[in-house]
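The block underneath contains the structure these notes are about, expressed in structure tokens.
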Amino acid sequence: MSGARLRLVDLAGGAGGGSAGGEELRHSGGAWLRAAGGAEGMGAHLGPVRAELATAHEGVVAGTAGLNSLAELGAVRESWVRRVESARHECGALAGSLRAVARAQGETNESVRSSFSPVARLTHGVER
């Protein structure tokens, strides 16, 4: 039984415990939050694309009146507009999901830390 207590103390970062080399496993939301910011940045970068495509196609329509390929060109343009909008939506959803991961891991870390607090005060059955 005392071996189990010692093991819990070790996991909680008690004297001489912890992982190899005395380091503690720590989570930082920084990487997840930077990735979320990158996804939002990409979504923002795609924002003006729809208007830019519309502007670029204005001159094309005037110069190609009567050509059979005009309808096909419009279909291609609409296809790209749908793809860009889908990518913007995906970037926003991804950013939210990445932030949720950072938040959930932080909450899990705190929950695990607090669950060890009762045994972290004990060393070989003696309260510290």
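Okay, residues lined up against (1) closer than 30 Å to GLU58 by Cβ; (2) surrounded by fewer than 12 Cβ atoms within 10 Å (Cβ to Cβ):
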{"position": "SER69", "(1), (2)": "yes, yes"}
{"position": "GLU72", "(1), (2)": "yes, yes"}
{"position": "ALA75", "(1), (2)": "yes, yes"}
{"position": "SER79", "(1), (2)": "yes, yes"}
{"position": "GLU85", "(1), (2)": "yes, no"}
{"position": "GLY92", "(1), (2)": "yes, no"}
{"position": "VAL101", "(1), (2)": "no, no"}
{"position": "THR108", "(1), (2)": "no, yes"}
{"position": "ARG113", "(1), (2)": "no, no"}
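Which members of region 32-58 meet the condition of being within 16 Å of ALA102 (Cα to Cα) and either in contact (Cβ under 8 Å) with a residue 24 or more places away in the chain or polar (S, T, N, Q) (or both)? Listed by number, the residues that qualify are TRP32, LEU33, ALA35, ALA36, GLY37, ALA39, GLU40. Annotation note: of VAL81, VAL112, the sole residue that is over 16 Å from the mean Cα position of the chain (by Cα) and modelled with pLDDT of 90 or more is VAL81.
The values are calculated or read from the model by the stated rules, or taken from the named source; none is laboratory data. Computed from a predicted model, the values in this text were never measured in an experiment. Cβ coordinates were reconstructed from backbone atoms using ideal geometry, including for glycine residues, and neighbour counts include every protein chain displayed.
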